[in-house]
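Before we start, here is the structure in question, set down as structure tokens.
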Amino acid sequence: MDGIHDMGGMHGFGRVDLSQDEPFSKANWRARMFGMELSYTQPGGFNVDWLRHVMECMPPALYLSSEYYDRWYWRDVGVLVNAGWVTIDELKSGKATRRPAGQDEPLSPESVPMILHQGLDNRRPEPRAPAYKPGDPVRAKTHGSPGATRLPGYLRGHVGVVEAYRGCFVLPDANAHGEERADPLYSVRFSAQELWGDVKSPGDLMLADLWESYLEPTNAGR
Amino acid sequence: MDGIHDMGGMHGFGRVDLSQDEPFSKANWRARMFGMELSYTQPGGFNVDWLRHVMECMPPALYLSSEYYDRWYWRDVGVLVNAGWVTIDELKSGKATRRPAGQDEPLSPESVPMILHQGLDNRRPEPRAPAYKPGDPVRAKTHGSPGATRLPGYLRGHVGVVEAYRGCFVLPDANAHGEERADPLYSVRFSAQELWGDVKSPGDLMLADLWESYLEPTNAGR
Amino acid sequence: MVQRLQGGSLTVPRDTKRVIALQEELHSHLPSDPALRVKTLESLLVEKGLLNSETVDRWIEVFREDVGPKNGARVVARAWTDPAFKQRLMTNASKAIVELGYPQLEAKNLIVVENTTQRHNLVVCTLCSCYPWALLGIPPPWYRSFEYRTRVVHDPRGILEEFGVALGDDVEIRVWDSTADVRYMVLPERPDGTEQLGEEELAALVSRNSMVGTAKVAAPTRAG
Amino acid sequence: MVQRLQGGSLTVPRDTKRVIALQEELHSHLPSDPALRVKTLESLLVEKGLLNSETVDRWIEVFREDVGPKNGARVVARAWTDPAFKQRLMTNASKAIVELGYPQLEAKNLIVVENTTQRHNLVVCTLCSCYPWALLGIPPPWYRSFEYRTRVVHDPRGILEEFGVALGDDVEIRVWDSTADVRYMVLPERPDGTEQLGEEELAALVSRNSMVGTAKVAAPTRAG
């Protein structure tokens, strides 16, 4: 999906605001939104690729004009209303009209340290050997997925070199839409010259982690 | 410039609102903004390419959240403040602190019919024969101009076929930044298949008017 | 005309980075209500001797009364009824509309594209809102909408469905993106059952959307 | 953990078009103040049995007190002073940080990239805000900003200048876009004149930005 979130290389943005921090306390809505996202029982189970995609579907003007944790809000209510667990009327009133059936107790405070320490992992056993090796030239595919994808627009159609193989990971393009499929992942290196043409420092390098499904050999017919 | 305005093919926008009209009377700010843009004396002379570019430089969130004629406002005050003819304080107060020197009288109501009938024309005599002819395959260049350009991002790097030669026209990429240069202009035809890959109707055609500087032969080294 | 193009011998800085920073600054300093800002701008420009408010009034009158889709509709009706005119229109549309007395602002380099049973044209400006003012007036809100601008080059059939136009798979679709100085107008198909109608009656059938390609012209419903 | 991943056997529709329409609808119906909306959402989820507010409190405590750039700084200081640890860190960073007792949330597949006099690495997530939480805490506003996300892959030297970092033309720049499950941390250069400092003192010198690549570590200013 070529949404507003896919903004790498886009022009029109000014200087970076270097302010370092923002309020983050139990009474602050930003911190509560952060904590909530890590705590609530998610319909269909926690799926980071779906969560990201639901945020990407925000109206572009809203995406650009909303604060960071407010985008989290729109993502999470999108996830909940889409699944039928919450209604728009409930979000307005704050009054629950019914409870989703058959759910376990929500995550307890006691579980926090374990999740923090173990983390979540989308790495999977290797279903097959990777097709490329470090040093191989590869082209990022021209066309992205119409749904979720993590192939940024600024790399599409461009040729890079495999920097490293990172192991096999769940493919977001499938996983976001409900199908778990593992695919080899590589760090791929592109030159500024290749990506942007006439820039001041054509030798600067941009590296991104790209799944094998996003890549094709450079001799593939175009 | 790969700004927010270059939105052809971008995802995330919903259904088109089919409402046909909006208020357009002498008392309405939208109509006045429209009329003003056609009437005020512009610093450095009227330059449509510069006007467009100044709008493209709006903060992307503002571009997306502003009404149509409000984007005209931001464009025109950008043009005026950039040239030093108007200050931000004056725009706040509405009180002029000084008048730009050496300007003729502003456009009179009597001139309106003539401008309406004659129109403005960026067509120029042909400095040379066009390089391509109808039927020629061409590739839209991968890299756009960092400043003003009318080569849309969704066509970059893609191969099309010259549909028609349209004559020689002032090149926006140069003209916006103060240099008038004429360049042959073509309508170029692209297939949906080429532009988007896996779409429902791969045979649908998209045509755009592209200057010769935006094109290269399909056998050019990539 | 000449007057309008004059801006003195001023050299204006035309730098992208400078204007990006300026636009951000403007936005952070000025009030949010556009009606207020536009009003203030008008009085300021008048005070500075850069604007005559009566000229603004005149443009509004012109676009309310003289210039609008009725111009285009008459051109269409003429093309439907006069084969020689149609040929001139398809060959050199700018010249053909002058012949009928229509103005040329934003139609100086006009191309007319013809819809047939086998081919459907529609027009967009993905980068801004270019449109043949002289023949169709000011573009309607949907034409300038981000929804139309983003989606029509990617999914023209989906857009047409939202406008109530269903096309067979065998109809070729051509989406014209007005990226340069050429302006496009669609010559819609003349509906069946209109053989008896005169030019005036035909013109009354031709909607704005049909000349942009987001509608077909419907045959008249038979009254008593 | 297991509990958190459970959502019952529910089949959730996961369709892009549906969610685009839904997001538009949500936005048009809900109030504009985020603080109010977030508060309402929390009480609603609690009432529905989907959320325990004490868990929210606990996460906030953890990210205020235990998890933050001080973790990363200690890893850096250890790498500077213990060559064998540095080797393990560069080979398998996720394993090396567990060895020091640090958590793994958002650092399960960690790669450490080393800045030298000849090579400068910096990290971004152009698509969202991926960041090695366990070692650096919550990403600072600048890291999540549209300005940084859009510009750093196109003009890294311009961005670095805004952060006060000037690099010679002979220094290779590597911008790592965190597009997948790998998280990146920069191992900054150890400044000259720190040979006498211990691990604790060194860690105190290491700023958050230096571990993302938007700062260098400065040598300590000599106090009396």
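Derivation of every value follows stated rules applied to the coordinates shown; laboratory data play no part. Being a predicted model, the structure only gives us computed values, none of them experimental. Here Cβ is always computed from backbone atoms with ideal geometry, including for glycine, and neighbour counts include all displayed protein chains.
As I understand it, the value is the acute angle between the Cα axis of helix D:16-29 and the longest principal axis of the Cα atoms of chain D; what does it come to in degrees, rounded to 10?
Result, in degrees: 80.
Find out how many positive minus negative residues lie around A:Arg98, taking Lys and Arg as positive, Asp and Glu as negative, among other residues whose Cβ is under 13 Å from that of A:Arg98.
Surrounding charge for A:Arg98 is 0.
From Cα pairs below 8 angstrom and at least 6 apart in sequence, can you work out the relative contact order of chain C, rounded to a whole percent?
So the answer I get is 21 percent.
As an exercise, identify the trypsin sites (Lys or Arg not before Pro) in the stretch B:69-146 lying in DSSP coil whose Cβ has no more than 14 other Cβ atoms within 10 Å.
B:Lys95, B:Arg98, B:Arg128
Okay, next question. Given a cut-off of under 8 Å on Cα pairs at least six residues apart, what relative contact order in percent is computed for the stretch D:68-172?
26
To the nearest 0.05, what FRET efficiency results for A:Lys133 and A:Ser93 with a Förster distance of 51 Å applied to their C-beta separation?
Efficiency, from the Cβ-Cβ distance: 0.30.
Compute the longest continuous run of chain B that contains no exposed GluC sites (Glu not before Pro); treat a site as exposed when its DSSP state is not H, G, I, E or B and it has at most 12 other Cβ atoms within 10 Å.
Value returned for the longest uninterrupted segment is B:1-178.
Taking a label point 7 Å from Cα toward Cβ, how far is C:Pro83 from its twins in the other copies, in nm, shortest first?
Spacings between copies for this position, smallest first, are 9.5 nm.
Lone cysteines in the protein assembly as shown, going by a 4.7 Å Cβ-Cβ cut-off?
Result for the protein assembly as shown is A:Cys57, A:Cys168, B:Cys57, B:Cys168, C:Cys128, D:Cys128, no neighbouring Cys Cβ within the cutoff.
Report the calculated FRET efficiency for B:Asp21 and C:Glu54 (r = Cβ-Cβ distance, R0 = 25 Å), to the nearest 0.05.
0.50
Would you mind checking the pairs C:Lys70/D:Lys17; A:Lys200/D:Lys70; A:Lys200/D:Lys216; A:Lys133/B:Lys200; D:Lys86/D:Lys216 and listing those with alpha carbons more than 26 angstrom apart?
Listed pairs above 26 Å: C:Lys70/D:Lys17; A:Lys200/D:Lys70; A:Lys133/B:Lys200.
What does the average come to when, for each residue of peptide B:92-105, you count the partner chain Cβ atoms lying within 10 Å of its Cβ?
5
Report the calculated FRET efficiency for A:Glu179 and A:Leu120 (r = Cβ-Cβ distance, R0 = 22 Å), to the nearest 0.05.
After rounding, the FRET efficiency stands at 0.75.
Modelling each spin label as a point 7 Å along the Cα-to-Cβ direction, I'd like the B:Ser213/C:Gln118 distance in nm, to one decimal.
It works out to 3.9 nm between the two label points.
Report ³J(HN,Hα) in whole Hz for each residue of the stretch A:148-158, in order, from the Karplus equation J = 6.51 cos²θ - 1.76 cosθ + 1.60 where θ = phi - 60°; Gly and Pro get x.
5, 7, 10, 8, x, x, 5, 9, 4, x, 9
Could you tell me the distance between the Cα centroids of the stretch D:174-224 and the stretch A:151-222, to the nearest Å?
Between the Cα centres of the stretch D:174-224 and the stretch A:151-222 lies a distance of 28 Å.
Expected output is a single nm value to one decimal: the length gained when fully extending between C:Lys39 and C:Glu199, i.e. 0.36 nm times separation in residues minus the C-alpha distance. What is it?
So the extension gain works out to 53.3 nm.
Additional query: At 222 nm, what value in deg cm²/dmol follows for chain C if DSSP H runs of at least 4 each add -39500 (n - 2.57) and the sum is divided by all its residues, to the nearest 500?
Rounded to the nearest 500, the figure is -12500 deg cm²/dmol.
Considering every residue in B:185-195, what mean count of other chain Cβ atoms within 10 Å of its Cβ is obtained?
Going residue by residue through B:185-195 and averaging, the value is 3.
Also, quick follow-up: In which sequence would D:Val124, C:Val217 go, from the one with the fewest C-beta neighbours within 10 Å to the one with the most?
Going from sparsest to densest Cβ surroundings: C:Val217, D:Val124.
Which listed residue (D:Pro139, D:Ser28, D:Leu44) has the Cα farthest towards the positive end of the charge dipole for the stretch D:3-143, taking +1 on Lys and Arg C-beta and -1 on Asp and Glu C-beta about the Cα centre?
It is D:Pro139.
On the rotation axis linking copies C and D, which residue of C comes nearest by its Cβ, and by how many whole Å?
That would be C:Ser32, 7, residue then distance in Å.
While we're here: Give me the base-10 log of I(q)/I(0) for chain D at each q in 0.09, 0.10, 0.16 Å⁻¹, Debye formula, one uniform scatterer per Cα, rounded to two decimals.
Summing over Cα pairs of chain D leads to -0.49, -0.59, -1.19.
Further, regarding this structure: Using a 10 Å cut-off around each Cβ of peptide D:138-148, what is the average number of partner chain Cβ atoms that fall inside?
Mean partner-chain Cβ count within 10 Å for D:138-148: 6.
Here's another thing I want to ask about it. So if I place +1 on the C-beta of Lys and Arg and -1 on the C-beta of Asp and Glu, and nothing else carries charge, what would the dipole magnitude of the stretch B:129-180 be about its Cα centre? I want it in debye, nearest 20.
In total the dipole reaches around 200 debye.
For the stretch C:153-224, which GluC sites (Glu not before Pro) are in a loop by DSSP, counting at most 10 other Cβ atoms within 10 Å?
For GluC sites (Glu not before Pro) across the stretch C:153-224 that sit outside H, G, I, E and B with at most 10 neighbouring Cβ atoms in 10 Å, the list reads C:Glu195.
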